[in-house]
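The values are calculated or read from the model by the stated rules, or taken from the named source; none is laboratory data. Please read all numbers here as calculations on a predicted model, not as lab measurements. Here the Cβ is made from the backbone with ideal geometry for all residues, glycine too, and neighbour counts use every protein chain on show.
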């Protein structure tokens with residue numbers, strides 16, 4: 001009985017311990033930014049891994065997101081009270097403000113977050129991180145900073161790719177579902193488009209990128225217990241990152257909108 | 001000179017080291033032995049600050065390792081090469097990149113000098129022409145050799161080996177033992193190895209420190225440990241699991 005009562009307290013304490021460890025690790029990372037030139041090559045490699053290699057999956061998911069938004073808008077407009085060309089504004093605003101950064105964030109959590117945790121976690125359990133330290137490297141500068149820096153640069157770019165593909169998908173579906181012409185679609189798009197919305201999407205991408213890679217790196221860095229531990233950390237990364245993205249989405253909307 | 005003074009270390013409720021003290025002079029070849037899981041590797045990692053003690057002091061030369069800043073610790077680590085139990089090679093890098101990483105990023109050597117040092121280190125461990133191999137294509141013995149090449153490439157004053165021959169076949173064990181001995185003689189280094197392989201102890205070490213229950217049970221030469229009358233030491237040397245049970 002006592003154990004049942006203590007368990008939530010234990011979870012609560014463990015959460016704040018983890019948070020403190022994360023903050024300490026991130027402060028170490030930000031302090032190591034001064035040696036960025038030493039790890040420039042690794043950052044470029046990570047930009048390819050995180051950014052370039054993720055373009056196909058981001059294109060695909062955002063394309064379908066745009067298409068489904070268009071089809072669902074068409075379903076709502078069936079009443080006839082709303083003109084069909086409005087679909088351009090619905091798709092445009094949904095994609096730029098919410099879907100492109102959010103879908104990119106969630107897809108990248110699975111693709112990049114899990115990969116980073118598995119990589120760094122495996123390095124931890126096979127003593128490769130100890131080996132780095134024994135060779136006088138700072139593992140935080142070596143492993144975490146290039147990944148976070150690469151994500152900070154590449155995530156906004158991926159959001160731009162997702163914006164374009166989402167709108168293209170929306171246009172394609174609007175043409176087929178509602179017989180909306182390209183001109184009509186973009187008329188609707190321009191009517192409600194505000195440049196700040198596009199900037200806001202990029203800001204979200206930046207925050208999501210930093211959050212996903214830093215959480216994934218932290219979980220990898222603190223992995224214990226062999227292959228099972230790596231699996232546990234990877235799962236935990238996906239769960240925590242998805243939750244953080246949704247939370248950040250709300251916080252950023254409150255701040256910037 | 002390396003000196004360890006009254007080191008205590010616990011992981012949760014598990015008290016691993018309970019007041020370990022010893023001094024290792026320059027040029028010595030020391031084997032730290034004891035049963036598996038007794039804290040030998042933990043002790044070795046204390047020497048270069050990979051693990052900090054709960055209490056006690058670790059001195060390398062004139063520096064108190066457990067109180068150094070990261071940049072000061074880097075200076076200490078630059079004098080120490082560590083060979084890990086399973087090699088701990090960076091698996092996304094080739095053999096050449098593994099050995100040259102520290103040289104190219106942290107030393108003042110130019111690319112040509114780095115290449116030359118990599119070749120020399122690989123020759124030293126008998127792994128010529130393996131620069132472009134990836135760790136995944138190496139056998140256990142080859143990984144250990146590359147691990148040794150990576151450690152000696154930085155020209156350390158101290159070489160720390162964590163279980164250098166564990167898991168290897170007898171021929172490969174002999175080959176690694178000879179390599180450790182050769183490096184110890186030719187490179188003028190202090191060698192500290194953690195092992196439970198008695199063959200390695202008797203072939204390579206000049207001094208043996210045995211750890212038991214978190215404390216030093218024996219400190220002497222390989223000849224002296226053979227003659228020790230301590231039952232725990234005798235059991236370890238003979239490998240007879242029934243020795244203490246019979247006594248009990």
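Here is a list: B:75, B:57. Which entry is facing chain A (nearest Cβ under 10 Å) and free of Cβ contacts under 8 Å to residues at least 60 places away in the same chain?
Working: B:57 fails: facing chain A (nearest Cβ under 10 Å).
Answer to the selection: B:75.
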**Q.** Whichever residue in segment B:120-142 is within 17 Å of residue B:152 (Cα to Cα) and surrounded by fewer than 16 Cβ atoms within 10 Å (Cβ to Cβ) and, among such residues, is farthest from the chain's Cα centre (by Cα)
**A.** B:128
Q) Can you name the residue in segment B:28-54 that is farther than 25 Å from residue B:150 by Cα and either within 10 Å of another protein chain (Cβ to nearest Cβ) or in contact with a strand residue (DSSP E or B) (Cβ under 8 Å, 6 or more places away or on another chain) (or both) and, of all such residues, is surrounded by the fewest Cβ atoms within 10 Å (Cβ to Cβ)? A) B:54
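Matching residues to (1) within 13 Å of chain B (Cβ to nearest Cβ); (2) over 27 Å from residue B:106 (Cβ atoms); (3) outside any helix (DSSP H, G or I); (4) touching a strand residue (DSSP E or B) at 6+ places or on another chain (Cβ under 8 Å):
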position	(1), (2), (3), (4)
A:4	no, yes, no, no
A:11	no, yes, no, no
A:16	no, yes, no, no
A:19	no, yes, no, no
A:22	no, yes, no, no
A:25	no, no, no, no
A:30	no, no, no, no
A:34	yes, no, no, no
A:42	yes, no, no, no
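Condition check ((1) more than 14 Å from chain B (Cβ to nearest Cβ); (2) in contact with a strand residue (DSSP E or B) (Cβ under 6 Å, 6 or more places away or on another chain); (3) surrounded by fewer than 23 Cβ atoms within 10 Å (Cβ to Cβ)) across all residues:
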{"residue": "A:128", "(1), (2), (3)": "no, no, no"}
{"residue": "A:138", "(1), (2), (3)": "no, no, yes"}
{"residue": "A:144", "(1), (2), (3)": "yes, no, no"}
{"residue": "A:158", "(1), (2), (3)": "yes, no, no"}
{"residue": "A:174", "(1), (2), (3)": "yes, no, no"}
{"residue": "A:194", "(1), (2), (3)": "yes, no, yes"}
{"residue": "A:197", "(1), (2), (3)": "yes, no, yes"}
{"residue": "A:215", "(1), (2), (3)": "yes, no, no"}
Q: Would you please name the residue that is surrounded by the most Cβ atoms within 10 Å (Cβ to Cβ), looking only at residues in segment B:7-24 that are within 18 Å of residue B:218 (Cβ to Cβ) and out of contact with any helix residue (DSSP H, G or I) (no Cβ under 7 Å at 6 or more places or on another chain)?
A: B:24
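Before we move on, is residue B:87 in a loop (DSSP other than H, G, I, E, B) and in contact (Cβ under 8 Å) with a residue 60 or more places away in the chain?
On the way: in a loop (DSSP other than H, G, I, E, B): yes; in contact (Cβ under 8 Å) with a residue 60 or more places away in the chain: yes.
Answer is yes for this residue.
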Q: Please work out which residue is nearest to the other protein chains (Cβ to nearest Cβ), limiting yourself to segment B:80-102 and to residues that are touching a helix residue (DSSP H, G or I) at 6+ places or on another chain (Cβ under 6 Å) and surrounded by fewer than 23 Cβ atoms within 10 Å (Cβ to Cβ).
A: B:90
(Q) Anything in segment B:60-72 that is more than 7 Å from every other protein chain (Cβ to nearest Cβ), at negative phi and surrounded by fewer than 20 Cβ atoms within 10 Å (Cβ to Cβ)? List them, or say none. (A) B:62, B:63, B:64, B:66, B:67, B:68, B:69, B:71, B:72
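Does residue A:26 meet the test of being surrounded by 11 or more Cβ atoms within 10 Å (Cβ to Cβ), in contact (Cβ under 8 Å) with a residue 40 or more places away in the chain and not assigned by TED's automatic domain parsing to the domain that holds residue A:170? It would help to see each step written out before you state the result.
Numbers: surrounded by 11 or more Cβ atoms within 10 Å (Cβ to Cβ): yes; in contact (Cβ under 8 Å) with a residue 40 or more places away in the chain: yes; not assigned by TED's automatic domain parsing to the domain that holds residue A:170: yes.
Yes, satisfied.
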Q) Only one of these conditions is not met by residue B:215: (1) touching a residue at least 60 places away in the same chain (Cβ under 8 Å); (2) crowded, with 17+ Cβ neighbours inside 10 Å. Which number is it? A) (2)
